[in-house]
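Before I ask anything, here is the structure I am working with.
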Amino acid sequence: MELQEYAGRPAATGGRAPDPVNAPMIRHWCEAMGDANPAYSGPDAVAPPAMLQAWTMAGLGFSGNGNGNGNGSAARPGRSSDYDDLLARLDAEGFRSVVATDCEQDYLRPLRPGQRVLFDAEIESVSGRKRTALGVGHFVTTRMDLRAYDEAAGEKPEEAVRVARHRFRILKFQPGEAEPKPDGGSGTEPPLRPRPVVNRDNEGFWDGVAAGELRFQRCAECGVPRFPWLPGCNACGSSAWTAEAASGEGTVYSHVVVHHPLPAAFRAGGPYAVALVELAEGVRIVSNVVGLPPDGVRIGLPVRLSFERCDDELTLPLFRPATADDLPPLRIPVTRTLIVAGAIASRDYQDVHHDAELARAKGAPDIFMNILTSNGLVGRYVTDWAGPKAVLTGLAVRLGVPAHPGDELTFTGRVTERVTERDHDRLTVAVTGRTRRGAHVTATVRLNVPVPVPRPVPAQENPVPEGPA
Ligand code: ZN
């Protein structure tokens, strides 16, 4: 049978979560994620939605991590022989390592303590042989349907109702055939973004950047503003000038998206947008537009100045879309404790998340964060901002560079869509969690917010020239 023929076959049938939804596991999860959302404790507690997968994890005895506890090869409850066959086939072909690459979750109803979770899953697809940054392998995608019934209240399994859907993709790969890693996944320092050349003519500009201002010049004789910095006025020739700080408001005048070849310092981040931004003051500056997918940049897009820290020594004035509200950034140091606590709280005993020696034996420089922890941190970041009344309805996560001990994750997010319903706002939030090596996680979070969070100041529309009727 071809690998692709496993598509459509069951991955798990009649699965039953080992434990009912319960307060202690929720508390351990919240402690590991640093999530203090009051919605997850007390008599009306719900389970953190991003914790979904933790309920269906089989646990230590079934992790297949060869940790010598004697039953690592036992069949997982509910797991189909087709799925076991597929994984065994991939193992036998040399694709022994596994890493989660992305997942999508739809939350239909909140889970509450006392409920028992049932699940069925199907193998959705098996990719052809792919060469990736980690090595050669196959992507395996499964789709899981989860139902729950209130066991504590005496309900029967037949009364279970659908609570969530979950699509999960893993890469089964053979390490050691990796392409050279631009992201520094080997633990080496990534190439840095080129340094600016500061000279007598432009040092006023860079002094401004150091002070958190985008400064342009204005001719002291004729008053014409100019940028980039020049010794003399193009309009009148005068060499007398003053410097002013721009308001930071602007629009995209023109742009390109750089796809290939990406300079080394930009490879980890993927394609990026270079824009000519027209400032409200009438001068134009070449910069990057960040905070949205590069193909979302368009001429006329209102943007706002943002000082972005590129590395320890370089901060640059870049631009972000001005029409949506930004979430305040959140920095989370990635400690060994966070990685291990997150893995254990999510019942993920894969050795690469707690045993550095075994992680190295599998081609990683050190232990790395599991996808459930990345999910949990994304969920926490958004609800920290949106408040305890917000209800997450969906989460789609894609993993990029791994997060290792010693990294720092910086989460940024922005509202990309807001739909006002009768009693709540339906929001879509784009979230990125970056380490210095690049994006660790890019996510789209959907949520309902009963009490509207502060709305963005409407962007000023460009006046429409009045033409002849
Ligand atoms: Zn002049």
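Bear in mind these aren't lab numbers, they're just calculated from the coordinates by the rules spelled out. Note that this is a predicted model, so its numbers are computed, not measured. Every residue, glycine as well, gets a Cβ built from its backbone with ideal geometry; the counts of neighbours run over all protein chains shown.
To the nearest 20 debye, what charge dipole does segment 150-305 have about its Cα centre, counting +1 at the Cβ of each Lys and Arg and -1 at the Cβ of each Asp and Glu?
420 debye
In addition: If N is the number of residues in segment 203-323, what value comes out of its Cα radius of gyration divided by 2.2 N^0.38 Å?
Rg over 2.2 N^0.38 Å, computed on Cα atoms: 1.13.
Mind putting a number on the dipole of the chain about its Cα centre? Charges go on the C-beta only, +1 for Lys and Arg and -1 for Asp and Glu, and I need it in Debye to the nearest 20.
I would put it at about 300 debye.
Given the Cα-Cα distance of Ala356 and His28 and 0.36 nm per residue of separation, how much length would full extension add, in nm?
Full-extension gain reported as 115.8 nm.
Evaluate the distance, in nm, between pseudo-label points positioned 7 Å from the Cα of Arg200 and of Arg9 along their respective Cα→Cβ axes.
It works out to 7.6 nm between the two label points.
Still on this model: By per-residue mean of other Cβ atoms within 10 Å, what is the highest-first order of 339-349, 122-132?
Going by the mean number of other Cβ atoms within 10 Å, highest first, we get 339-349, 122-132.
What is the fewest-to-most order of Leu87, Leu358 by other Cβ atoms lying within 10 Å of their Cβ?
Going from least to most buried by this count: Leu358, Leu87.
OK, next. What's the angle, to the nearest 10 degrees (0 to 90), between helix 371-386's Cα axis and the longest principal axis of the chain?
50 degrees
Would you mind getting me the FRET efficiency between Leu262 and Ile299? Use the beta-carbon distance for r and R0 = 25 Å, nearest 0.05.
The pair Leu262/Ile299 has a calculated efficiency of 0.60.
Using alpha carbons only, how many degrees (0 to 90, rounded to 10) separate the axis of helix 23-33 from the longest principal axis of the chain?
Tilt of helix 23-33: around 30 degrees.
In nm, to one decimal, how far is the modelled label at Ala153 from the one at Ser41, with both set 7 Å along Cα→Cβ?
2.5 nm
Can you list the aspartates and glutamates whose alpha carbon sits under 19 Å from that of Lys130, skipping same-chain ones fewer than 8 residues off?
In chain and number order, the partners are Glu2, Glu5, Asp91, Glu93, Asp102, Glu177, Glu179, Asp183.
So, by mean Cβ neighbours within 10 angstrom, what's the order for 15-28, 370-383, 221-234 with the highest one leading?
370-383, 15-28, 221-234
Let me ask another. Got a sec? Charge dipole of segment 314-449, +1 on Cβ for Lys and Arg, -1 for Asp and Glu; which of Ala322, Ala390, His353 is way out at the positive end?
So the residue furthest toward the plus end is Ala322.
Once Lys and Arg get +1 and Asp and Glu get -1 on their Cβ, which of Asn448, Val257, His138 lies farthest toward the positive end of the dipole of the chain?
It is His138.
Using the alpha-carbon atoms, what tilt in degrees (0 to 90, nearest 10) does helix 336-345 show relative to the longest principal axis of the chain?
50 degrees
Taking 7 Å along the Cα-to-C-beta vector as the label spot, tell me the Val161-Cys222 distance in nanometres, rounded to one decimal.
Placing both labels 7 Å beyond Cα along the Cβ direction yields 7.3 nm.
Output the lone cysteines of the chain: those with no second cysteine's C-beta under 4.7 Å from their C-beta.
Result for the chain is Cys30, Cys103, Cys310, no neighbouring Cys Cβ within the cutoff.
Give me log10 I(q)/I(0) at q = 0.07, 0.08 Å⁻¹ for the chain, Debye formula, one equal scatterer per alpha-carbon, no solvent.
Scattering profile of the chain, log10 relative to I(0): -0.44, -0.56.
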